[in-house]
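*Asks:* Have a look at this one.
Here, each number is a calculation from the coordinates, and none is a lab measurement. Since this is a predicted model, take the numbers as computed values, not measurements. Cβ: placed from backbone, ideal geometry, glycine included. Neighbour counts: every protein chain shown.
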Amino acid sequence: MIPSTSPPQRGAPTTGRKHGLPHSYSLPRQVTLRTIARLQAGYRDDVPAAVAAMARLRREAGREAYASPGSWGLDHFEALAEAREKRRREAELHTSGSGPLVNSSRFWTSSQQQEEREATSVHLAVTLWALHQQSVRDAPMHLPGWPLGRAVRRLAHGKTGVEDVKLAVSRAEDAQHDSTDSPGGGAADPDHVPVEQASETVRKRFVRIGASTDTEILGNRLRELVLLLRTARIPLDYGLLAEQLFLWQNDNRQDEVRRAWGREFHRRYGRYGDSSPDQEDDRTGVPDGSPEDFTILDAGD
């Protein structure tokens, strides 16, 4: 495990240190996290190249991966190609002598289908984040520990942002420490509101997302929700979302993703976030992020 270090202040020089991602992370999740890491800090610091790249991403929202010539050269496609090449080299090391299987048409078809699902999930997640972060400089809209269900629950209760969550947790912990009536340790969830008080309109939007029948419909409904989250300054864990979108494209695993969204909606979040500081940067929630990592060459035209 990589020791935790304090993140750089916004606008301050960085050391160029690199973090590793957990091996359990899927390829779409890794690529999404690395892409957002390079852009989010730069966009919030108003780095011209990052701002230009974000504009390109927003223009691709709603379009299929690689379908628009304007998308060719986007950072997440390059990161995806690099990750696949790394995976290919590692697979060759572990499958030495199994050439006939690797070169079979069945294997090639399966590989193509997987790559299409990977590209779709990464492209959808990154373009959704670009819409979410648009014109928001005071807070990161990608934040670990904020899965889709949690963000929707907070929106449904008419709440905004995350700073008040930290304040509420702190107050609840102080109250728990001073109280002699509450058995057991740990503060109650200060941000929890009975589900009966949730906005039925928002809840129905969430239900429609879960009931989506294809990726085009799912993407459209997620974009509608993200615009509401942006207005309320409620963040989302886009690395996790990319992984869930990848699994959702497998008909045999859609129910698994739906169950996860339902659990996230009903879960009690007693503390601020669930991310590990040893794996993720406090500013962006992802590794490898600094404005200096992004140059004007990355932004394209």
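*Asks:* In whole Hz and in residue order, list the ³J(HN,Hα) couplings for segment 40-50 that follow from phi through the Karplus curve 6.51 cos²θ - 1.76 cosθ + 1.60, θ = phi - 60°; x for Gly and Pro.
*Replies:* Computed from phi, the couplings for segment 40-50 are 4, 5, x, 5, 5, 8, 6, 5, x, 5, 5 Hz.
*Asks:* Could you order peptides 58-66, 210-218 by the average number of other Cβ atoms within 10 Å of their residues, highest first?
*Replies:* Details: 58-66: 16.4, 210-218: 13.8.
Per-residue mean Cβ counts within 10 Å order the peptides as 58-66, 210-218.
*Asks:* Going by average Cβ density within 10 Å per residue, which order do the peptides 224-231, 259-266 take, highest to lowest?
*Replies:* Details: 224-231: 17.2, 259-266: 15.4.
Order by mean packing, descending: 224-231, 259-266.
*Asks:* Here's something else I'd like to know. Arranged from highest to lowest average of other beta-carbon atoms within 10 Å per residue, in what order do the peptides 116-124, 27-35 appear?
*Replies:* Taking the mean over residues of other Cβ atoms within 10 Å, the ranking is 27-35, 116-124.
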